[in-house]
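Notes for the one structure printed next.
The values are calculated or read from the model by the stated rules, or taken from the named source; none is laboratory data. Bear in mind that the values here come from a model prediction, so they are computed numbers and not experimental data. Every residue, glycine among them, receives a Cβ derived from its backbone with ideal geometry; neighbour counts consider all protein chains shown.
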Amino acid sequence: ARAAVAAGVDGIFLETHDNPSAARSDGPNALPLSELQALLLKLKGLNTVVRRWSTSS
């Protein structure tokens, strides 16, 4: 997700679950819901930096 945001994507798709080990499908691929807010804050900050850099002359 960080690499995608750094490359300038306009959206990301994330699979989340409150307990990935108990998920009926794709549990190993799911981000624990408790980690979602921290990741989104990092991605938002990175997006701000990328957008400022790409629009500056």
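Of all residues in region 11-54, how many are surrounded by 12 or more Cβ atoms within 10 Å (Cβ to Cβ), touching an Asp or Glu at 6+ places or on another chain (Cβ under 8 Å) and assigned to a loop (DSSP other than H, G, I, E, B)?
Residues in region 11-54 being surrounded by 12 or more Cβ atoms within 10 Å (Cβ to Cβ), touching an Asp or Glu at 6+ places or on another chain (Cβ under 8 Å) and assigned to a loop (DSSP other than H, G, I, E, B): 2 in total.
Any idea which residue in region 22-39 is nearest to residue 50 (Cα to Cα), counting only those that are at pLDDT below 95 and not aliphatic (A, V, I, L, M)?
So the residue we want is 29.
Please verify whether region 37-48 includes one or more residues that are more than 13 Å from the chain's Cα centre (by Cα) and of a type in the set (Val, Ile, Thr).
Within region 37-48 (the criterion being more than 13 Å from the chain's Cα centre (by Cα) and of a type in the set (Val, Ile, Thr)), the answer is yes, since at least one residue qualifies.
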